[in-house]
Amino acid sequence: MKANFKDVIASKTKQALGSNLISLEAIKQNIQILEELRDFIPPLSDEESQQLEQNILKYGCKDALLIWETTRSVAGLSPTEDSTPAYILIDGHNRYRICQTNQLNFNIQLLSFNTLKEVKDYMIDLQLGRRNLTPQQASYFRGLRYNNEKSERGKYDRVTDEGLINVDDYFESKKVKVSTASKLSEEYKVSPATIRRDAEFAEGLGKLSTTLRNEVLAGNQNIEKGLLQKVAKVKELPKPIESADELVTVLQTSGLVERVETVPTNHTLVNCSNEIIALVKKIVNAKDKERLEELKKLVGKLEELL
């Protein structure tokens, strides 16, 4: 990633501390979680969650939780103008849950953002800057980034009292490339077509229930990526899709597919390959040779499936 997150955090922290009139301990008692922001955090597997809890119980919560210092109205917590302070958790949701459950102390770092969109952009970039994402998770976050930027551009492509705003002129004046897909493709070293497919994938995942989406991103539920890209084209749904079978029904009813055989969620090639990729990254990042035997077992399972 091109973004220097240490510099970004330092800048945002300085802005936040300048307006901080309440003690950090009092803030820790008033941390709030926004569901739409928590959904940006890749779900941990059961094994990862247990390992994280064991590490925190043994060594404490070393990394500070990142908190957005804002007001209720800016955070979308109030339908009217409300300047009441709000402290929103934007990074460290799993650590926060573990510390709360076990009544453990933790540190916080206050950051300042002007809008909820700025927070979302920051969180997406923060996730994409981490090295332990699976290919599906990376695709999802690239797609979210694309969709967010396209949505922001759309705000300026409208008629006002002065007439029609030329969106290309606006973004050119801001020195932003006209093609969002081209800009992101250069940043993430993938093709513009990949970025657009990522956007469809992210939009399709957005039509799933939170539980099902997390299962897909964790590699526990195998739904063909192409089906998720297709469901992105369904304009309105009465409720979020709860299962793979329901997804197929929606696609068939909408005329987007004729017939689809659902794939078992256990012991599939996709799940196995995702597990191998994720485990290799953990072993390399942590230089954990003890987990090589676990890797060999997964490779053996892959051989059986081929």
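Average projected area of the Cα convex hull of the stretch 19-121, in nm²?
Working: hull surface 27.5 nm².
Mean projected area of the Cα convex hull: 6.9 nm².
Counting other C-beta atoms within 10 Å, which of Val248, Val234, Val284, Val216 has the fewest, and how do the rest follow? Kindly include the intermediate steps, with their values, before the conclusion.
Values: Val248 20, Val234 17, Val284 11, Val216 24.
Least to most surrounded, the residues fall as Val284, Val234, Val248, Val216.
Could you put Phe201, Phe106, Phe141 in order, starting from the residue whose Cβ has the fewest other Cβ atoms within 10 Å? Please report the intermediate quantities before stating the final value.
On the way: Phe201 22, Phe106 19, Phe141 25.
The most exposed by this proxy come first: Phe106, Phe201, Phe141.
What ranking do Thr253, Thr115 get, fewest neighbouring Cβ atoms within 10 angstrom at the top? Mind showing how you got there, number by number?
Numbers: Thr253 10, Thr115 13.
With the sparsest Cβ surroundings first, the list reads Thr253, Thr115.
Could you list, in their original order, any pairs among Lys120/Lys183; Lys207/Lys233; Lys150/Lys235; Lys189/Lys233; Lys207/Lys235; Lys117/Lys281 whose Cα atoms are separated by more than 20 Å? Don't jump to the answer; show the numbers that get you there.
Details: Lys120/Lys183 18 Å; Lys207/Lys233 10 Å; Lys150/Lys235 17 Å; Lys189/Lys233 26 Å; Lys207/Lys235 10 Å; Lys117/Lys281 30 Å.
Pairs exceeding the cut-off: Lys189/Lys233; Lys117/Lys281.
Please give the peptides 55-67, 23-35, 219-231, 187-199 ranked by average Cβ packing (other Cβ atoms within 10 Å per residue), highest first, as a rough proxy for protection. Don't skip to the answer; put the middle values down first.
Working: 55-67: 15.1, 23-35: 12.3, 219-231: 20.1, 187-199: 17.3.
Put in order of decreasing packing, that is 219-231, 187-199, 55-67, 23-35.
We did not get these values from a lab; they are worked out from the coordinates using the rules stated. Just so you know, these numbers come straight off a predicted model, no measurement behind them. Cβ sites come from the backbone with ideal geometry, for glycine too, and all protein chains shown count toward neighbours.
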